[in-house]
Amino acid sequence: MANYSGPVCRFCRREGAKLYLKGERCYTPKCAIERRAFAPGMHGQARKRKTSDYGIQLRAKQKARRIYGLLEKQFRNYFDKATNEPGVTGLNLLRHLETRLDNVVYRLGLGASRKQARQLVTHRHFEVNGKLVNVPSYQVKPGDELKVRPSNGVFDVALDASKVRPVPSWLSFNTDEKSAKVLARPDRHEMESGVEEQLIVEFYSR
């Protein structure tokens, strides 16, 4: 799948909120939002116009897509899956996003950012239920066990940098063995708080 490789701090500035796309840097004064809290581009500091309902919904969708690092086609596919499942569509969508292997690696603190976590997965650093998995979009399920393959210490650096992010209760993590287990499906309060899933549902339902 294609992937955006340009500067990501402009995304935080565009959405007017920290999306934590640069890992540890986002917690320091070097964060782009701390230094330039306005949209990128030559008109970024211009007077804001009133945003339409469509614009508000679009920004909510773009914000969620950028938080999880997905392109439009894959994000829309997750929404279509969530729509066809029983239950609340918005919650189903967030569960699909949260149970991606790259996001689980990030939640465990093994990656400083979701982008780094995705890279670690593609570089074959993880096993799920004893089998090597190098697909970032792999969906984990309750009962799955994840283990870090022998590495050169890169995870120690990531774990030290990610202490500001507690491991959610739907995951358990053994720091000494660098292994984890998926205990349950995440509830809404255990997922990304900055995502407004109802606005995303309204956007795609237009």
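Laboratory data are not the source of any read-out in this text; all were calculated from the coordinates shown. All values reported here derive from a predicted model rather than from experimental measurement. We place every Cβ from the backbone using ideal geometry, glycine too, and count neighbours over all the protein chains shown.
Annotations
- With R₀ set to 35 Å, the beta-carbon distance separating Ala184 from Thr122 gives a calculated FRET efficiency near 0.85.
- If the segment from Leu132 to Asn84 were pulled out straight at 0.36 nm per residue, it would be longer than the present Cα-Cα gap by 14.3 nm.
- Among 171-178, 56-63, 106-113, the peptide with the highest mean count of other Cβ atoms within 10 Å heads the list, and the full ranking is 106-113, 56-63, 171-178.
- Within segment 53-101, the percentage of alpha carbon pairs spaced more than 12 angstrom apart rounds to 63%.
- Of Lys115/Lys147; Lys61/Lys115; Lys61/Lys131; Lys115/Lys181; Lys50/Lys73; Lys131/Lys181, those spanning more than 26 Å from alpha-carbon to alpha-carbon: Lys61/Lys131; Lys50/Lys73
- Scattering profile of segment 100-184 at q = 0.16, 0.25 Å⁻¹ [log10 I(q)/I(0), Debye over alpha-carbon scatterers]: -0.51, -1.42
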